[in-house]
């Protein structure tokens with residue numbers, strides 16, 4: 001475990017050093033990340049003017065969901081996307097050998113190969129949005145609710161990472177995944193809204209097939225004190241099961257890899 005922690009921090013330090021080579025670009029990327037985090041509030045500010053609830057969600061409660069969306073977007077854009085999209089290029093070019101020959105788990109190496117530090121600005125920005133939401137509610141969340149929400153944040157991160165591993169694993173079969181990756185990012189944008197506003201088939205898909213509810217709605221409900229502890233436990237165990245499935249798919253998919261020298 002200590003060996004993999006050292007490897008993680010080495011890869012993180014390398015990404016930070018690389019990202020700061022061009023300082024103005026580094027700064028502009030950070031400012032743009034803050035700008036888009038602020039723009040994410042715009043639809044809810046418009047909705048606030050109507051004074052209406054949406055499917056039982058008040059305006060401040062919907063901002064809590066948006067806060068979780070921004071936090072996870074920071075993880076996705078800053079930690080997950082950069083590394084795993086690079087894997088697709090390795091697979092397409094047949095250069096994944098350089099990773100597979102190293103004396104460490106290949107999935108760990110490709111998952112931590114690259115970070116985009118300024119995209120992670122969304123993490124504190126999402127935290128600020130959560131603070132703003134509870135200031136509108138006029139109260140602070142209880143310690144037990146914070147603990148449950150943090151547990152579901154781990155579960156949401158596992159689900160998000162596992163979904164992306166499944167997308168990348170498909171590259172071993174279809175090679176070109178540009179459209180599929182774009183589709184995934186487009187679908188993820190729906191996570192900024194509580195899952196209860198969707199009806200019929202869309203609600204089922206966003207709960208069980210592409211579990212956007214686990215990513216944002218459930219952590220928000222936990223933080224608001226509206227989610228039973230039993231549901232928190234089931235969701236967390238389900239996220240672990242989903243990660244195990246993604247791992248099995250990755251192991252099977254990597255068996256189909258053909259290097260450039262083959």
Is there any pair with a first residue in the stretch 1-23 that is surrounded by fewer than 14 Cβ atoms within 10 Å (Cβ to Cβ) and a second that is at pLDDT below 75 whose Cβ atoms are under 8 Å apart and which are 6 or more apart or on different chains, and what are they?
-> 20/26
For residue 155, are the conditions met, namely being out of contact with any strand residue (DSSP E or B) (no Cβ under 7 Å at 6 or more places or on another chain), buried (at least 19 other Cβ atoms within 10 Å of the Cβ), touching a residue at least 40 places away in the same chain (Cβ under 8 Å) and within 27 Å of residue 15 (Cβ to Cβ)?
-> yes
Confirm whether residue 205 is in a helix (DSSP H, G or I), under 21 Å from the mean Cα position of the chain (by Cα), in contact (Cβ under 8 Å) with a residue 24 or more places away in the chain and over 24 Å from residue 59 (Cα atoms).
-> no
Meets criteria (over 27 Å from residue 36 (Cα atoms), in contact (Cβ under 8 Å) with a residue 40 or more places away in the chain and in a loop (DSSP other than H, G, I, E, B)) for residue 113 | no
What is the one condition in (1) within 24 Å of residue 249 (Cα to Cα); (2) touching a residue at least 60 places away in the same chain (Cβ under 8 Å); (3) over 12 Å from the mean Cα position of the chain (by Cα) that residue 83 does not satisfy?
-> (2)
Considering only the stretch 129-141, state which residues are part of a helix (DSSP H, G or I) and touching a residue at least 12 places away in the same chain (Cβ under 8 Å).
-> 129, 130, 132, 133, 134, 136, 137
Hey, residue 140 surrounded by fewer than 22 Cβ atoms within 10 Å (Cβ to Cβ), out of contact with any helix residue (DSSP H, G or I) (no Cβ under 7 Å at 6 or more places or on another chain) and closer than 28 Å to residue 234 by Cα or not = no
The listed residue being at pLDDT below 80, assigned to a helix (DSSP H, G or I) and surrounded by 16 or more Cβ atoms within 10 Å (Cβ to Cβ), out of 181, 191 = 181
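The values are calculated or read from the model by the stated rules, or taken from the named source; none is laboratory data. Because the structure is predicted, anything quoted here is derived from the model rather than measured. Every residue, glycine as well, gets a Cβ built from its backbone with ideal geometry; the counts of neighbours run over all protein chains shown.
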